[in-house]
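Throughout, read-outs are computed from the coordinates displayed, never taken from laboratory work. Since we're looking at a predicted model, the values are computed, not measured. Positions of Cβ are generated from backbone atoms using ideal geometry, with glycine treated the same way; all protein chains shown enter the neighbour counts.
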Amino acid sequence: MPAKLTVDDARQSLNAHVAAKGLEIREKYGPAIGWAQLQHILADRACVRYPCEIVFESAPLEAGETAHPVPKGDRPEDGFTVYVHPFFRTNLSQAMALGLYQLVLVNYGEFASPDDAEIFGASILGLGKDEYYRRLCELTDQLAASEASRPPTGS
């Protein structure tokens, strides 16, 4: 009788897969991954399973959220828009780091965890997972500081 796979087995398998996929993308488009390379990655179905574009718009984002993918239709094949907060429009390397994190949700759906996203983004950028996580936290903190310093709207 074959051994039963556990949820932990599946999680470890996905972790290993996203790490390998990230390294494969880095090998194909790196070693220096910038905004131009990200556009090629987004267009490459071997890297990003479904059509995907990045748009700088905050309306679909929750307060304090830096980026999030939104399906364009009922089927994944309809594609996704990754909304990135416009605060990051002037620094495309920051926007790219945020966008890479979101691609795991595009590729693997809700089964993907934050850990998978960190492993994937770090592998593509050639960073350690902890370093990539710290970078994402710094970007979130920058956005929060920016929003806190903005005068309230309306009265």
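What percent antiparallel are the DSSP beta bridges of the chain, to the nearest 5? Among the beta bridges of the chain, antiparallel pairing accounts for roughly 50 percent. Between 0 and 90 degrees, the angle of helix 92-108 with respect to the longest Cα principal axis of the chain falls at about 40 degrees. Taking each residue as 0.36 nm, the span from Glu77 to His40 lengthens on full extension beyond its C-alpha to C-alpha distance by 11.5 nm. The angle separating the long axis of helix 114-125 from the principal Cα axis of greatest extent in the chain is about 90 degrees. For the chain, the mean residue ellipticity at 222 nm estimated from helices alone is -17500 deg cm²/dmol, where every DSSP H run of n ≥ 4 contributes -39500 (n - 2.57) and the total is divided by all residues, rounded to the nearest 500.
Matching the structure-derived Rg/Rh (Cα atoms, Kirkwood Rh) against the labelled list (1) 0.95; (2) 1.01; (3) 1.04 gives the label (2).
Take every pair of alpha-carbon atoms less than 8 Å apart whose residues are at least six positions apart; their mean separation over the length of the chain yields a relative contact order of 25 percent. Using the Cβ-Cβ distance between Ser58 and Asp8 with R0 set to 41 Å, the FRET efficiency from 1/(1 + (r/R0)^6) comes to roughly 0.65. Name the residue farthest towards the positive end of the dipole of the chain from the options Gly64, Ser113, Leu42, assuming +1 on Cβ of Lys and Arg, -1 on Cβ of Asp and Glu, about the Cα centre. The residue sitting farthest along the positive end of the dipole is Leu42. Assigning unit charges at the beta carbon (Lys, Arg +1; Asp, Glu -1) and nothing else, what dipole magnitude in debye, to the nearest 20, does the stretch 26-145 show about its Cα centre? The dipole magnitude comes to about 380 debye. Near Met96, once Lys and Arg are set to +1 and Asp and Glu to -1 for all other residues with Cβ below 14 Å from its Cβ, the sum equals +2. Among the trypsin sites (Lys or Arg not before Pro) within the stretch 1-104, those in coil by DSSP and having at most 11 neighbouring Cβ atoms inside 10 Å are Lys4, Arg45.
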